1. Could you list, in sequence order, all residues of the stretch 86-97 that are within 14 Å of the ligand (Cβ to nearest atom) and not in a loop (DSSP other than H, G, I, E, B)?
2. If I go through the stretch 172-184 residue by residue, how many of them are touching a residue at least 12 places away in the same chain (Cβ under 8 Å) and in a helix (DSSP H, G or I)?
3. Have a look at Leu37, Leu43, Leu51 and point out the one that is modelled with pLDDT of 90 or more, within 16 Å of the ligand (Cβ to nearest atom) and assigned to a helix (DSSP H, G or I).
4. Determine whether the stretch 108-131 contains at least one residue that is more than 16 Å from the chain's Cα centre (by Cα) and within 30 Å of Pro68 (Cβ to Cβ).
5. So which pairs qualify, if the first residue must be in the stretch 153-171 and within 18 Å of Ala137 (Cα to Cα), the second must be assigned to a loop (DSSP other than H, G, I, E, B), the Cβ gap must be under 7 Å, and the two must be at least 6 apart or on different chains?
6. Can you find, within the stretch 104-116, the residue that is farthest from the ligand (Cβ to nearest atom) among those that are part of a helix (DSSP H, G or I) and buried (at least 19 other Cβ atoms within 10 Å of the Cβ)?
7. Kindly check whether there is at least one residue in the stretch 127-149 that is touching a residue at least 12 places away in the same chain (Cβ under 8 Å), within 13 Å of the ligand (Cβ to nearest atom), more than 15 Å from Thr25 (Cβ to Cβ) and surrounded by 15 or more Cβ atoms within 10 Å (Cβ to Cβ).
8. Can you name the number of the only condition in (1) out of contact with any strand residue (DSSP E or B) (no Cβ under 8 Å at 6 or more places or on another chain); (2) surrounded by 14 or more Cβ atoms within 10 Å (Cβ to Cβ) that Pro68 fails?
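The values are calculated or read from the model by the stated rules, or taken from the named source; none is laboratory data. The structure displayed is predicted, hence computed values, not measured ones. Cβ placement follows ideal geometry from the backbone for every residue including glycine, while neighbour counts extend to all protein chains displayed.
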Amino acid sequence: QPQPSPPHPHPLPDRRFAAVPPRLTQIRLLDEIDETLAFAQQLQDAGCALLAVHGRYRGSPMRRRDGPAHLDQVALIKQRLSVPVVTNGNVRSGAELVDSLLLTGADGAMTAEGALDDPAIFAKAIAHAHAERSRLAAERRRAKALKAQRRDGRHLTEEEAAVVRGRKAAKATLAQIKAISSALPPPPSAAPPPPFALAEQYIGLVEEHPPPGGAAALLSHAVFHLRRLCRTPLAEFGLLADLEACKSLAACADVIRRCRAFAEGSEAFQGRRRPPSYWRRQQRRKKT
Ligand SMILES: Cc1cc2nc3c(=O)[nH]c(=O)nc-3n(C[C@H](O)[C@H](O)[C@H](O)COP(=O)(O)O)c2cc1C
């Protein structure tokens, strides 16, 4: 029997919300951090058992994705609440997923766009967390050894001195990464599947479990996901338009097959390879 909720001391503006407390909730930031903290606290008091925070401000037609997410504010929410907090935003790779956990101290990380582009992102995050743990442990051992050598009178290079100076920060990060990696499965034994393998797996799954909505819905989902999974090589070999013109899942599968053959060199590509705009954006981002 569901238990009636006790009256809430600080009811949310919408009474329906307070009467049926949501158990898992996702919010964006309000305009002021104090408002967001108060709202998060209200949600927890109302029975929210897990709060996911997308670190961007409340949406408006002009402000859906206004730059990077404010993970510093997610960190403050995490400090305030006792229920688990999941950080969301700025996660496009396995390394960024681990970074977002380190930056916020959150109990979990969520990614939407990142997982659409790379469904293997979580496997990559697990591998990265374990690799970082080993790297930081080695760095700490090196810092200790260098410190001992300096005590014995050896002159350290600038780089070595920096390692010694950074040892306290490295120790703190190591403790964090140990906590994160201990809660994760062991590192995957195999390398994560490349995009073409994921695309082929996706096509197999769609054949097995067609989405509701008939052939047109199936095709629009398939084109959407395959474009995201293989955007870089599809653009490189000028196959984006071919994919978008497909009239069946089999035709989509053939475009992916051709793209893989061009990329792997088993079929000669006649056209001019173009650096895709996604690639250009990545290059620009790296420079800034
Ligand atoms: C395909 C898709 C569907 C989404 N649907 C919802 C939704 O129904 N409700 C919601 O609050 N957010 C939704 N979002 C937003 C995500 O939950 C997430 O907060 C946002 O995409 C930012 O995270 P990201 O940078 O990892 O994509 C959706 C995002 C995507 C990509």
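1. Val86, Thr87, Asn88, Gly94, Glu96, Leu97
2. Number satisfying all stated conditions: 7.
3. Just a single option satisfies the conditions, and that option is Leu43.
4. Scanning the stretch 108-131 turns up at least one residue that is more than 16 Å from the chain's Cα centre (by Cα) and within 30 Å of Pro68 (Cβ to Cβ).
5. Listed by first residue and then by second, the contacts come to Val164/Leu156.
6. Among them, the one singled out is Thr104.
7. No - not one qualifying residue is present in the stretch 127-149.
8. Here Pro68 meets the rest and fails (2).
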